[in-house]
Amino acid sequence: MDIQEGTSYSLAIIDPETASTRVILEGSADYYLMPIGWDKDGIVFVKQPVDQVKSSGERVYGRVNLQGEVSDLNIFRDFEALKLLPENLRSTAGQFSWSNDGTEAIVMVCNADNYQIYLISLPNKTALALVEGTSPAWRPR
């Protein structure tokens, strides 16, 4: 989740057993850190300047693990997954959330006026429409 501490926006996790919050990536007053899903290596996030949130603005995508170590995303894997969606939906895809082993993802797409969740399997080279909805998140194990 993202939390605001004073003028800083940081990424944090909540321990479900104790309900305590732990910041894993410190933000700043200059940019938002917004979580957009989990993958097998940690929390996928977007870093975006505060003054550009309502515009297309400059966005940087990254990943942070539970120890606070930041790495680049495997963008190539996301592109491979996009190729499996129906062509008319590829440009509407967002909010990827990858399975623990990195072989499957759930993703939200916009089909006409409806948001749908698709399951993408890289090994099977398939994309299956599951349900209407938004904000998919793969549960880490």
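The values are calculated or read from the model by the stated rules, or taken from the named source; none is laboratory data. Everything numeric in this text was worked out from a predicted model, so none of it was measured. Note that each Cβ is placed from the backbone with ideal geometry, even for glycine, and that neighbours are counted across all protein chains shown.
Of the strands (runs of 3 or more DSSP E) that lie entirely inside the range 87-141, those containing 3 or more residues that are touching a residue at least 40 places away in the same chain (Cβ under 8 Å) span 94-98. Suppose we filter the range 94-133 for residues that are small (G, A, S) and crowded, with 19+ Cβ neighbours inside 10 Å; how many remain? Here the count works out to 4. The set of residues in the range 1-35 being assigned to a loop (DSSP other than H, G, I, E, B) and either out of contact with any Gly (no Cβ under 9 Å at 6 or more places or on another chain) or outside the structural domain of V64 (by TED's automatic domain parsing) (or both) consists of M1, G6, T7, D15, P16, E17, T18, A19, S20, G27, D30.
Selection of the range 83-109 for residues being within 16 Å of V46 (Cα to Cα) and small (G, A, S) yields A93, G94, S97. Each residue in the range 36-70 was checked for being part of a loop (DSSP other than H, G, I, E, B) and either over 18 Å from W138 (Cβ atoms) or modelled with pLDDT of 75 or more (or both), and 12 pass.
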